[in-house]
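The numbers here are math on the coordinates, done by the rules we state, and not lab data. As the structure is a prediction and not an experimental result, all values here were calculated from the model. Every residue, glycine among them, receives a Cβ derived from its backbone with ideal geometry; neighbour counts consider all protein chains shown.
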Amino acid sequence: MNLHESTPPVRIAAPTLVDAVVIGAGFAGLYAHYKLRGIGCTVFGVEAAPEVGGTWFWNRYPGARCDVESLDYTYSFSPELLDQWRWSERFATQLEILRYINHVADRFDLRRDIGFDTRVTAATFDEAANQWVVDTDRGDTVRCRYLIAAVGCLSLPKLPEIAGIEDYEGRWVQTGAWPHEPVEIAGKRVAVIGTGSSGIQSIPLLAQEAAHLTVFQRTANYSVPAHNGPVDPDYEAQVRTDYSAHCQANRKTKGGVPSRIDSGVSAMAVCDQERQAKYEQAWGFGTFSLQSVFNDTTRNPEANALAAAFVHDKIRSIVNDPEIAERLIPRGYPFGTKRLCLDTGYYATFNRSNVELVDIRATPIERITRTGVQTTDREYPVDLLVFATGFDAMTGPLLTLNIRGAGGQSLNDAWKDGPFSYLGLAIAGFPNLFTVNGPSSPSVLANMLPTIEHHVDWIVECISYAKRKGFDRVEADEGAQKEWAHEVARIAAMTLYPQGNSWYIGANVPGKPRVFMAYIGGFDRYVARCEEIADSGYTGFRFSAVGSTE
Ligand code: N01
C-alpha cells in the first residue's frame, strides 16, 4: 500500500541560482513554496526526507496524532481546500495528517522544485552579492537571494545521555525517527524511556501489544484525556458555515485555536464548587482547556496549584494501585510549565498487569546493557527499547545548518548565550535569512498551522516589499532585536513557565543556554505587532541595495 497516496517524487537537479531556497518540506516549507511562487520568485527546496511531511513524516510511532483539533490544524489559504478536505477524527492521526500534506503538495504541484533526500551542509552569506550560498550533502551549491529556514521546532530528535546504548544487542528505536518498516511489538518485552507527549501517546498502544512494558519515568508529566472520536458533526457544520472566517478568527486568539469553554476569569474569582465544575468541564472536553479555562493558571501560583491538585486527584481516581498513582503524580514544577500532554488512556494503562512503572529518580538508570536496562536497583531485560526522549528543540535544527552571516559570523556563535531573533522571523547579522516559527515567536505555544501561515505571509510580503523598492538586502536591526528579546523575557518572567525544566527553556539539552524560547504574550498580540511593524515600513529592519539604503 502506498501510505502517502501519491507518486514518489522524481529527483531533480539543483539549480545554481534562484530567488529563494526553502529548507524543509513540512507544513511551513510547502506553504513557503506556494507563496513565493505567487510573487514570481524562483524557488528551490531542500528536504532531508525522501518525501514531504516534516514532523508528520518522521513521527510515526504508535499513537502519534495531533493534539490540536483537526478542524483547526489545517491550512486556511485556500477556501476550496478548506471546503473539500474532510477530517475523520477530532484529533487526526499522523497517517491522516501525512495524507493531507501529500494531498496539498499534489494539488498545488509543490514538489517540483524540491530536492528530497538532501541535507544542507552549509549556508554562507556572500556580502558582495547579497546572496546566500547554500551547500548540500549531494555536492550541490545553490545561490539565492533569500534563505527561508522552515526546519521545524521539534525536528532534531535527541538520544538520552545514558551510557551503553552501543552495547545493546536488542532493537532500539526513537519516537521522533520511528522506522518506516513495521516494528515488531507483539510478544516482546518493551521498554520506554521518556514520558513526554511522545511517550504518553505511545505507551497505551505499546502496552496493548507487548508481552511486557516497562516505563522508565524520570519526571511525571501532566496529561489530560483527549476525548478523541469522530469529528462532531454539529460543531463541524457550525465551523463550515464560514470556515475561512473561523481560521481568520484563530489569528485573533492567544493560542491560535477557538476559545470554546474558557471562563475568562481568575480561578480565584469563583467559589470552590464553580471552580471544580469548570475543571470537570475542561477535563471532559479535552484539548488544552484545563490550562486556559481560568485566565491565571499559568501566572498565579495559587490558581496553578488548584489546577494541579485537580489533576492529582484524577490520577488517584484512575490508577488502582495507590503507590503507582503517587509515582505518576507530577511534582516539583507548576502545572503546564512542561508542555501539557493529551492522551488516550494513559493513566489507566498502569492498571494493566503487563505494565510496570520504574521511577528512575528513586532508582536511576546506570547504563544500557547488552540485554536491557540496568538501574541502581536491578537489570530489566528488554527486547525492544523505545527512546521517547525528546528533541533539541527550536535551535537544534537551525544550528545544524552551519549558517554563516555577515562578516562570516556563525549562527552558533551568535546564539552562544541564547537564540536571539527579531520576532522569531529574522536574526541581526544574518541578512536575507528568514525563520518560520523561529525562537522568540509564539510557535510552539500556539497552533502551528496559523502561526506558520502567518509567518510565511509576513516573510513573503516583506520580500515583495523589498523587490518593489529595488532592495536586495533586508536585515533585522540589532537594537530592535535586543528590545524584542527583552520583551520576550519580560513576558515569560510574568508567568510560571520558567520554573519548569522544560525543552521550552532548553533544560533538556546539557549545556544549552537557559532562555525561554517562545513568545508567550499571545498569538493575537504577536500578529498585531507584526502587522504594525510591516505597516510602518518595517520598523526594526534595514533594507539596502548597492548605492541606496533605507
Ligand atoms: O519529548 P519531551 P517528546 N533519562 O522532551 C525524558 C511535541 N509533540 O518527544 O522530563 C531518562 O517532552 C524526559 O524526562 P525529563 C510537543 O510539543 C507533540 O515527548 O527531562 N529520561 C521526558 O520525560 C512535545 O512537548 C505531539 O525528566 C529522559 C521525555 O524523555 C514535544 O513534541 C506528540 C532522559 C522527553 O519528553 C516533545 O515531546 C509528541 C534521560 N537521560 C510530541 N532524557 C502532538 O500530540 C530525556 N528523558 C502533536
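Modelled label-to-label distance, ASP242 and GLN276, 7 Å Cα→beta-carbon offset: nm?
The two pseudo-label positions are separated by 4.1 nm.
For the Cα atoms of the chain, what angle does the longest principal axis make with the long axis of helix 272-285, in degrees from 0 to 90, nearest 10?
It is inclined by approximately 70 degrees.
For the range 231-345, how big is Rg over Rh, using alpha carbon atoms and the Kirkwood form of Rh?
Working: Rg = 16.0 Å, Rh = 15.8 Å.
For the range 231-345, the value is 1.02.
Multiplying the sequence separation of ASP413 and GLU366 by 0.36 nm and subtracting their Cα-Cα distance, what value in nm do you get?
13.5 nm
How large are Rg and Dmax for the range 76-168 when calculated on the C-alpha trace, in angstrom?
When restricted to Cα atoms, the range 76-168 yields Rg and Dmax of 19.2, 54 Å.
State to the nearest 20 debye the size of the charge dipole of the range 18-108 about its Cα centre, where the only charges are +1 on K and R beta carbons and -1 on D and E beta carbons. Walk me through the numbers on the way to the answer.
Values: 8 positive and 11 negative charges, 17 e Å.
For this selection, approximately 80 debye.
Number of Lys-Lys pairs in the range 391-550 under 28 Å by Cα, sequence gap 8 or more or different chains?
On the way: LYS416/LYS482; LYS416/LYS512; LYS467/LYS482; LYS469/LYS482; LYS482/LYS512.
The number of close lysine pairs in the range 391-550 is 5.
What is the distance in Å between the Cα centres of the range 347-363 and the range 179-205?
14 Å
How big is the gap, in Å, between the Cα center of the range 215-281 and the Cα center of the range 297-337?
First find each Cα centre; the distance between them is then 19 Å.
Taking the Cα atoms of the chain, what is the range of coordinates along each of the three principal axes, in descending order and whole Å?
Here the Cα extents, ordered largest to smallest, are 74, 57, 46 Å.
For the range 1-149, just the Cα set please: Rg and Dmax, both in angstrom.
That works out to 16.2, 53 Å for Rg and Dmax.
How do ASP413, ASP472 line up, fewest other C-beta atoms within 10 Å first?
Values: ASP413 12, ASP472 18.
Listing ASP413, ASP472 from fewest to most nearby Cβ atoms yields ASP413, ASP472.
Shape of the range 233-282 from its Cα gyration tensor (a ≥ b ≥ c, root eigenvalues): rounded if a/c is under 1.5, otherwise prolate when a/b > b/c, or oblate? Present the calculation step by step, with values, prior to reporting the outcome.
Values: a/c = 4.50, a/b = 2.00, b/c = 2.25.
Taking the square roots of the gyration eigenvalues as a ≥ b ≥ c, the range 233-282 is oblate.
Which of the aspartates and glutamates could be linked to LYS35 by a straight reach, that is with a Cα gap under 12 Å, when you skip same-chain ones fewer than 8 residues away?
GLU453, ASP457, GLU461
Residues with beta-carbon under 14 Å from that of ALA129, excluding ALA129: net charge, scoring Lys, Arg +1 and Asp, Glu -1? Could the numbers behind the result be given before it?
Values: positive: ARG143, ARG145, ARG473; negative: ASP19, ASP126, GLU127, ASP472.
Local charge sum for ALA129: -1.
Treating only the Cβ atoms of Lys and Arg (+1) and Asp and Glu (-1) as charged, compute the dipole magnitude of the chain about its Cα centre; round to the nearest 20 debye. Walk me through the numbers before you get to the answer.
Details: 52 positive and 65 negative charges, 87 e Å.
Using Cβ point charges on Lys, Arg, Asp and Glu, the chain gives about 420 debye.
Going by amide H atoms built from the backbone, whose H comes under 5 Å of the H on ASN295, apart from near neighbours?
GLY264, VAL265, SER266, ALA267
For a quick check: with amide H placed at 1.01 Å from N, whose amide H comes under 5 Å from VAL192's, ignoring anything fewer than 5 positions away on the same chain?
Under 5 Å from the amide H of VAL192 lie the amide H atoms of THR214, VAL215, PHE216, VAL386, each far enough along the sequence or on another chain.
For LEU159 and GLU80, what is the calculated FRET efficiency with R₀ set at 41 Å and r taken between the beta-carbons, to the nearest 0.05? Don't skip to the end; give the middle numbers.
Numbers: r = 43 Å, r/R0 = 1.05.
Computed FRET efficiency for LEU159 and GLU80: 0.40.
Taking the Cβ of GLU209 as the centre, find all other residues whose Cβ is under 11 Å away and add up their charges (Lys, Arg: +1; Asp, Glu: -1).
Result for the local shell: 0.
Just want the answer: with Cβ charges of +1 for Lys and Arg and -1 for Asp and Glu, which residue in PRO301, SER353, ALA282 is farthest toward the dipole's positive end in the chain?
Of the listed residues, the answer is PRO301.
With r as the distance between the Cβ atoms of ALA528 and ALA186 and R0 = 60 Å, compute the FRET efficiency 1/(1 + (r/R0)^6) and round to 0.05.
Details: r = 52 Å, r/R0 = 0.87.
With R0 = 60 Å, the Cβ-Cβ based efficiency is 0.70.
Could you calculate the FRET efficiency of ARG490 with GLU96 from 1/(1 + (r/R0)^6), where r is the beta carbon distance between them and R0 is 35 Å, rounded to 0.05?
Values: r = 40 Å, r/R0 = 1.14.
After rounding, the FRET efficiency stands at 0.30.
How long is the gain from LYS482 to ALA507 if the chain were fully straight, where each residue apart is worth 0.36 nm and the alpha carbon distance is subtracted?
Numbers: separation 25, 0.36 × 25 = 9.00 nm, distance 2.26 nm.
Extra length from LYS482 to ALA507 when fully extended: 6.7 nm.
Which of the aspartates and glutamates could be linked to LYS158 by a straight reach, that is with a Cα gap under 12 Å, when you skip same-chain ones fewer than 8 residues away?
ASP392
Out of residues 5 or more away from GLY115 or on other chains, whose amide H comes under 5 Å of its own, with H placed 1.01 Å from N in the peptide plane?
When sequence neighbours closer than 5 places are left aside, the close amide H contacts are GLY45, VAL46, GLU47.
Pairing the Cα long axis of helix 478-493 with the longest principal axis of the chain, what angle in degrees results, from 0 to 90 and rounded to the nearest 10?
The two axes meet at around 20 degrees.
Need the C-alpha centroid separation for the range 45-121 versus the range 460-535, integer Å.
Each part reduced to its Cα centre gives a spacing of 26 Å.
By how many degrees, 0 to 90 and rounded to 10, does the Cα axis of helix 301-318 deviate from the longest principal axis of the chain?
The angle comes out at about 50 degrees.
Using 0.36 nm times the number of residues separating ASP167 and ARG112, minus their current alpha carbon distance, what extension gain do you get?
On the way: separation 55, 0.36 × 55 = 19.80 nm, distance 4.31 nm.
Taking 0.36 nm per residue and subtracting the Cα distance, the gain is 15.5 nm.
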